[in-house]
Amino acid sequence: MIHIDFDVVVFQEGKTYVAYSPKLDLSSCGDTVDTARKNLKTAAQLFLEEAANMGTLEEILKEAGYEQESANSWLAPRIVATELMHLEA
């Protein structure tokens, strides 16, 4: 079993909520924020399990900016700020 944290950004597209993990480049959606988060967690678990089975997990995580803390634990790169910007051109 692997221990990994990942940042999630949730946004709305029409009536659908999309949960997105920038560093893992994974997303999922749902009718509510909680459902979108839950679906993303499931997608991340399946993605990481399959990467481990294929022997590419370490390469994927290092490329995404993770640092290995121990055999089954990885330190996540962190999003430090998000903001909505406005530009008039």
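Every read-out reported here was derived from the displayed coordinates using simple, explicitly stated rules and does not represent laboratory data. Everything quoted here is computed from the prediction, not taken from an experiment. Cβ placement follows ideal geometry from the backbone for every residue including glycine, while neighbour counts extend to all protein chains displayed.
Show which lysines lie in cross-link reach of K62 when reach means a straight Cα distance below 26 angstrom and same-chain residues fewer than eight apart are skipped.
K23, K38, K41
Round to the nearest 10 and give me the degree value, 0 to 90, for the angle of helix 33-54's Cα axis relative to the longest principal axis of the chain.
For 33-54 against the chain, the angle is about 30 degrees.
Restricting attention to the range 1-88, which GluC sites (Glu not before Pro) occupy a DSSP loop and are surrounded by at most 16 other Cβ atoms within 10 Å?
Within the range 1-88, the qualifying GluC sites (Glu not before Pro) (loop, at most 16 other Cβ atoms within 10 Å) are E83, E88.
Whole-Hz ³J(HN,Hα) for each residue in the range 55-68, computed from phi via Karplus 6.51 cos²θ - 1.76 cosθ + 1.60 with θ = phi - 60°, x for glycine and proline: what do you get?
3J(HN,Hα) across the range 55-68, in whole Hz: x, 10, 4, 4, 4, 4, 5, 5, 5, 7, x, 6, 10, 6.
With a ≥ b ≥ c the root eigenvalues of the C-alpha gyration tensor of the chain, is it rounded (a/c under 1.5), prolate (a/b larger than b/c) or oblate?
oblate
Exposed loop trypsin sites (Lys or Arg not before Pro) only (DSSP loop, at most 12 other Cβ atoms within 10 Å): please give the longest stretch of the chain free of them, not including the sites.
16-77
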